[in-house]
Amino acid sequence: MIEKLLVIAAHPDDEVLGCGGLISRTVRNGGDVVVLILTEGSSTQYPDRPDLITKKEEEARAALAALGGGSLEFGGLPDMALSTLAPAEVSGPVEKAVARHRPDWVAVHHHGDLNRDHQVAHEATRVACRPGSGSPRRLISYETLSSTEWGPGPWRPDLYVSLEAGDVARKVEAMECYETEVRSWPHPRSGPAIRHLAATRGAQAGFNAAEAFSTVWEWVP
């Protein structure tokens, strides 16, 4: 059982696409969830729409509530520009979250994603979770459809987490909270795409539905 899960996401909606099912399952089983979204998710793409920063924060809160609840934090870093910052500027918010919440599981983007912000978030999280006092016992990376499969990779999942039908439904509902991001099928950020991927990952592991992860490291006391 996961007692406390910390999810690191570069942008609003990554946390839902990557591990919305895991979040739902953790809350359903009595665990605590903390989501840290590193960037504000819109300043680079929409520099003339500062109102979108507030809107995406509101959408993120609604999405987490749809998954069952938890704590939500924002790093406030510039969108699509993490690679321009000093490494300590990115790892700092993650280190503080790890020290404050002391999670036993941490989930972050895969290091081989196509999106550079995802890569930097992964690197920063590895630094923040390095061996030492308070290190999480398991660090895993999640897939973000359309970024993980087409990045330099390689994506080799070795952990499949079984999901109930309700977990998948809550994941779809959470994604629909992101009015600024959700798209129509066959776009990867659509309800059918989420359901299809859950069924595919489940079939690979003998479950009705699942999310797949790649283990970065695990400490066994």
- prompt: Using 0.36 nm per residue, how much length does the chain from ARG156 to LEU114 gain when fully extended, once their Cα-Cα distance is taken away?
  reply: 13.6 nm
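Give the accessible surface of the chain per residue, rounded to a whole number of Å², with probe radius 1.4 Å and ligands, DNA and RNA excluded.
Accessible area per residue: 44 Å².
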field: the range 182-221: relative contact order as a whole-number percent, Cα under 8 Å and 6+ apart
entry: 20
- prompt: Could you state the principal axis extents of the C-alpha atoms in the chain, from the largest down, to the nearest angstrom?
  reply: 45, 43, 34
message: Suppose every Lys and Arg Cβ carries +1 and every Asp and Glu Cβ carries -1, with no other charges. What dipole size does the range 121-195 come out with about its Cα centre, to the nearest 20 debye?
response: 320
- prompt: Rounded if a/c is under 1.5, else prolate if a/b beats b/c, else oblate: with a ≥ b ≥ c from the C-alpha gyration tensor eigenvalues square-rooted, which is the range 9-100?
  reply: oblate
- request: Place a label point 7 angstrom from the Cα of ARG28 along the Cα-to-Cβ direction, then list the residues of the range 205-221 whose backbone nitrogen is under 13 Å away.
  value: 208-211
message: Give me the net charge for the shell around GLU218: Cβ to Cβ below 10 angstrom, other residues only, Lys and Arg +1, Asp and Glu -1.
response: +2
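So how do CYS129, CYS177 rank on accessible area, 1.4 Å probe, biggest first, that is with the largest at the start?
CYS177, CYS129
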query: In nm, to one decimal, how far is the ALA62 label point from the TRP219 one, both placed 7 Å along Cα→Cβ?
result: 3.9
message: I need to check one value: relative contact order of the range 101-221, counting alpha carbon pairs closer than 8 Å and at least 6 residues apart, in percent.
response: 29
field: Nearest-0.05 FRET efficiency for LEU85 and ARG130, computed from C-beta distance (R0 25 Å)
entry: 0.85
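For the range 1-143, what is the relative contact order in percent, using Cα pairs closer than 8 Å and at least 6 residues apart in sequence?
29
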query: Listed highest first by mean packing, meaning other Cβ atoms within 10 Å per residue, what order do 27-40, 10-23, 83-96 come in?
result: 10-23, 27-40, 83-96
query: Dipole size in debye (nearest 20) for the range 36-143 around its Cα centre, Lys and Arg Cβ +1, Asp and Glu Cβ -1?
result: 500
field: Accessible-area composition of the chain, carbon plus sulfur, in percent [1.4 Å probe]
entry: 52
query: What residues from the range 85-105 fall in the zone where the backbone N is under 13 Å from a label point 7 Å along the Cα-to-C-beta line of MET1?
result: none
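The values are calculated or read from the model by the stated rules, or taken from the named source; none is laboratory data. Just so you know, these numbers come straight off a predicted model, no measurement behind them. Reconstructed Cβ throughout: ideal geometry from the backbone, glycine too, with neighbour counts over all protein chains shown. Accessible surface areas use protein heavy atoms only, side chains included; no ligands, DNA or RNA. Shrake-Rupley method; radii C 1.70, N 1.55, O 1.52, S 1.80 Å.
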